Amino acid sequence: MIGTLESLSNGILSLDFAAKGLFLFILLFFFGVFAVFFLHTYYKNTLLAHSAGRRKRLPVVLVSLGETCGKIINNFLILLPILGGIVVAAGLTLGVFKAVSSVNQFIDREKEIKALAIAINYLNQSDKTLDVRVRSAADGEATLRLDYKASDPHDSSVPLVEWTKTITIQGTEIHFDCMVFNFSYSEVGAGRQRNIAIPYRVFSNKVAAVDGLALFSRDEIAPEDDYGFIPEAYRERLAKLLTDADYVRDMGVRSVNGSDVWRANVRAGDRFRIKVEQTGGLTLEAL
């Protein structure tokens, strides 16, 4: 019922239309009253003319018009309250429609604000990609413990991916290469997708990227798998993201890129976390 009233209010009973409609109604009202009075008067005068033997219609019409105008003037004070009541009733009806419309507009705005708040909340979130602990840092060499954990929030049948590795690398400025899959803001804001980041290589100020330490060795990778840095539970999906343009479009991916985050002058005991932001990109957070 409220939806119907709102539709009428927003569609037919706009303020501009209501003003024009009310003016037209007043004209029609007076025209209707005039027509009724005129027809009654014309009929009476026609009978009188016939009885008197006069058959010319033009004088009868003119006389009837004059008498009709006189009747309207004489009855104006009677017609005015009727017309006023109709106008007031129309105004009250319009007011009800506009009040219902205002309430529904307020409700719609509240829904939009709530949806926007939810979207902003999703976009402001970040997901853990990698936890790093510096076991030791001495003589230009660093030993790191890497902890990775990931799950698919939309598919509980996909098993949890979790691993821990300890690596030693020359240098104290440590870089982490990740493959990042950024989904469209609308998909992330609606909670349908989450940006993904997969760490696959570590290098430093003393070890070039091309010589960096792979987080997945070739022994862990099937020979036919060209995307061995991807944890097994996600390989099929992420490989399709990398190779299948139609799948990428259907999933709502807006960009796929490699990204590097780094930490300078690591010291023993340092702890930090690499996170993928749902607005896009990676951040490194000290713990």
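The values are calculated or read from the model by the stated rules, or taken from the named source; none is laboratory data. Computed from a predicted structure; not experimentally measured. All Cβ positions, glycine included, derive from the backbone under ideal geometry; neighbour counts span all protein chains shown.
Yes or no, residue by residue, for (1) surrounded by 15 or more Cβ atoms within 10 Å (Cβ to Cβ); (2) at pLDDT below 70; (3) closer than 30 Å to Ser102 by Cα; (4) assigned by TED's automatic domain parsing to the domain that holds Gly95:
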residue: Asp16; (1), (2), (3), (4): no, yes, yes, yes
residue: Ala19; (1), (2), (3), (4): no, yes, yes, yes
residue: Leu28; (1), (2), (3), (4): no, no, no, yes
residue: Ala35; (1), (2), (3), (4): no, no, no, yes
residue: Phe38; (1), (2), (3), (4): yes, no, no, yes
residue: Tyr42; (1), (2), (3), (4): yes, no, no, yes
residue: Leu58; (1), (2), (3), (4): no, yes, no, yes
For segment 80-100, does any single residue satisfy the condition of being modelled with pLDDT under 75 and assigned to a strand (DSSP E or B)?
no
Could you look through segment 140-163, keep only residues that are surrounded by 11 or more Cβ atoms within 10 Å (Cβ to Cβ) and of a type in the set (Asp, Glu), and pick out the one that is modelled with the lowest pLDDT?
Asp152
Being of a type in the set (A, V, I, L, M, F, W, C) and not in a strand (DSSP E or B) is the filter; apply it to segment 169-198 and report the residue that is surrounded by the fewest Cβ atoms within 10 Å (Cβ to Cβ).
Ala190
When residues of segment 231-264 are limited to those that are over 21 Å from Arg192 (Cα atoms) and either part of a helix (DSSP H, G or I) or at pLDDT below 80 (or both), the one nearest to the chain's Cα centre (by Cα)
Thr243
For segment 116-135, give me each residue that is within 30 Å of Gly171 (Cβ to Cβ) and among the small types (Gly, Ala, Ser).
Ser126
